[in-house]
1. Once every DSSP H run of n ≥ 4 in the chain is given -39500 (n - 2.57) and the sum is divided by its residues, what mean residue ellipticity at 222 nm do you get, rounded to the nearest 500 deg cm²/dmol?
2. When ranked by the protection proxy of mean other Cβ atoms within 10 Å per residue, highest first, what sequence do the peptides 622-633, 444-455 form?
3. Would you kindly state how much longer the chain becomes between K322 and V573 on full extension, computed as 0.36 nm times their sequence separation minus their alpha carbon distance, in nm to one decimal?
4. For M1, what is the net charge nearby, where nearby means another residue's Cβ is under 10 Å from its Cβ and Lys, Arg count +1, Asp, Glu -1?
5. Could you pull the accessible area for E607 with a 1.4 Å probe, rounded to 10 Å²?
6. Looking at I188, F71, T372, which one has the Cα that reaches farthest to the positive end of the dipole of the chain (charges on Cβ: Lys, Arg +1; Asp, Glu -1)?
7. For the chain, what is the relative contact order in percent, using Cα pairs closer than 8 Å and at least 6 residues apart in sequence?
8. Using the charge dipole of the range 387-529 (Lys, Arg: +1 at Cβ; Asp, Glu: -1 at Cβ; taken about the Cα centre), state which of H521, I459, L477 has its Cα farthest towards the positive end.
Amino acid sequence: MLKEYDCWLQYRKVTAQVNFPKTVFVQKRGEVTDNAAREFAAGIERLLGLKLAVKQIKTPPTNDNAVFLLFDDKEGKNEKLKTEGFKINILQNKILITAADENGLLYGVYRFLSLLANGELKYDLEISESPVSPLRIINHWDNFDGTIERGYAGNSLFYKNGNFNFDIKRIEDYARLLASVGINRISINNVNVRDKAKLLITKEYLSEAAKLAAIFRRFGIRLLLSINFGAPWSLGKLPTSDPLDASVAAWWKERAALIYKYIPDLAGFLVKADSEGEPGPFQYNRTHADGANMLAKAVKPFGGEIIWRCFVYNCQQDWRDKSFDRARASYDHFKPLDGSFDDNVILQIKFGPYDFQVREPVSPLFGALTKTRHIMELQITQEYTGHQIDLCYLPSVWQDILEFDTSHGQNSKIMDLIKPYKEGSSYIEGFAAVVNVGLDNNWTGHTLAQANLYGYGRIIWNPCLTAKEIAKEWSVLSFGKENTEQKAAQIAEDILLKSYRAYEKYNAPFGVCFMVTPNSHYGPNIEGYEFSRWGTYHRADAKEIGIDRTKKGTGYTGQYSPNNESIYEDPAVCPENQLLFFHRLKYDFIMKNGKTLLQNIYDNHFEGYDEAVSMTEEWKSLSKILEKDVYKSVLSRFERQLVNAREWRDQINTYFFRRTGIGDKNGRKIFD
Ligand code: GCV
């Protein structure tokens, strides 16, 4: 029985694999610890039907047969337990969960419960873990009217009609889901801070935000607020928001003091500046370092940080002008500023140079910034990957990103660079991702899209986990492992693992990007962005397609380390899935499999659709096994996905057939 609302925390009844003590001793510390003990007892009650007695202690009794939730007393100094880490020991007469700190204890509790749920507890088991990414952030793009920018799972959990509006129980359940996969920060409002959202940093709204902060706090999650850089002018009625103007700096200091009165442990501000119409320092001829540092000084006395987005580009481009390349923008703006940011500024860089495309290269800023703290931004919500109608399992995307080698040196893959920041090294401090949840009962619209939220938490906790391992974990936790549940879990895992490749095949070919319907970003519109101001062109004509980003073209390849530059410069060695991002090629360009580019485009589109059909068929094999409503809701998404995949296949194939006049070598149907 799958309860969609519970996601991966199903906690179905199991038999204890080890002798289970009836008392929990928990070392006194703070409210996250109290919550960890509550979560432990509640989880055990659901899993084993056992009511535990929870007792607080100062120092652990030595000879009791009990569960112990303890802290490593040498907190911070202990070699083995790193920040937010934990250790689980199952002994003959006791169960020990020892943690470095309060968050670590909570994570240890969830890990223990998932081991029990999966039947993996045994005597002498010892597990020790700590998160690889220090910052594990969720970004909400929720608006105060209750809508969610790029949200596909119902309205906001936080707002309605211009005000806060939330169900405490639901927020608590949400915090539990996030904490169970290790999330430790959350921004609660859209980075486009418009209309009433500008009032979030005023007394009236802060008192409500503080209530949310209190819920998340118990789960070890600190709040971030997205702020509008123009607030001194628009809210404070100052004549300017110039970051170097003393009255502006003073306004922010005062504002920060007010905000921290309401939320003393606020993690800081998230800022989208000079981007897609949002105000920023450029308006005053100031740099982004000027802007970020001014804010950083305002929050510094309270231990706050400024997360400053690098999604800065000209969105008023003239499509006629071929000299300008949007892909260059982040690096061109931010690389020269490396080293000029205060130590409580963290740059948030989208994983690719464009915008969460189905396939694009990893941003050249990673590996290039050595004197500035930074994190990577991902998108869990499926803006370009099917709107949670089409299935697209995103850990497959993220695994490719983590495997990207920034310089082909020693330990220079993205996954190797994730560590706490140290000056002089290009360390990535963690991740932020735009979340995919809303008020839908199953949180994510498509039930299988829950795997993307789960997968985000898991992969940033441990970037060595593969997409396959995560799919397996999620499927078993969600569908179960007894009798027919096992088949459902197996099929869910299988479908998840096929889904990204299928989606990529029927989408824009070989990393050329942006053939989507303008604004909505769902479904094909091959020339939808060709003659617009957004700077995302493919420039297909009768003979060629793609942008030349080599030295002879826009020079974008030069932003990478020399090794990568030479790989991307040459179409013969450039990864084929990004070929058209870097090169302008003739349709008869011969690819590694000996077939032309055009024939590969046709093949992928026929195959992509066929793969969507076969995933649907696999799902149908569960018709007698699954609860009707779960089965039907997912099936109806697959049915819609087939319509979309067919549209992509036929529009792309017809477009290139009309352009070239060359048909499919295998004689499959292309509409003319
Ligand atoms: C929040 C893309 C999206 C926008 C989003 C923007 C951003 O352009 O389409 O909806 O705005 O990215 O990341 O700021």
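1. That calculation yields -11000 deg cm²/dmol at 222 nm.
2. 444-455, 622-633
3. So the chain would gain 87.9 nm between K322 and V573.
4. Net charge in that neighbourhood comes out at 0.
5. Answer for E607: close to 70 Å² accessible.
6. The one lying farthest along the dipole's positive direction is F71.
7. Here the relative contact order equals 12 percent.
8. L477
The values are calculated or read from the model by the stated rules, or taken from the named source; none is laboratory data. Model, not experiment: these values are computed from the prediction. We place every Cβ from the backbone using ideal geometry, glycine too, and count neighbours over all the protein chains shown. When the accessible area is computed, the model is the full protein with side chains, heavy atoms only, and any ligands, DNA or RNA have been set aside. Shrake-Rupley method; radii C 1.70, N 1.55, O 1.52, S 1.80 Å.
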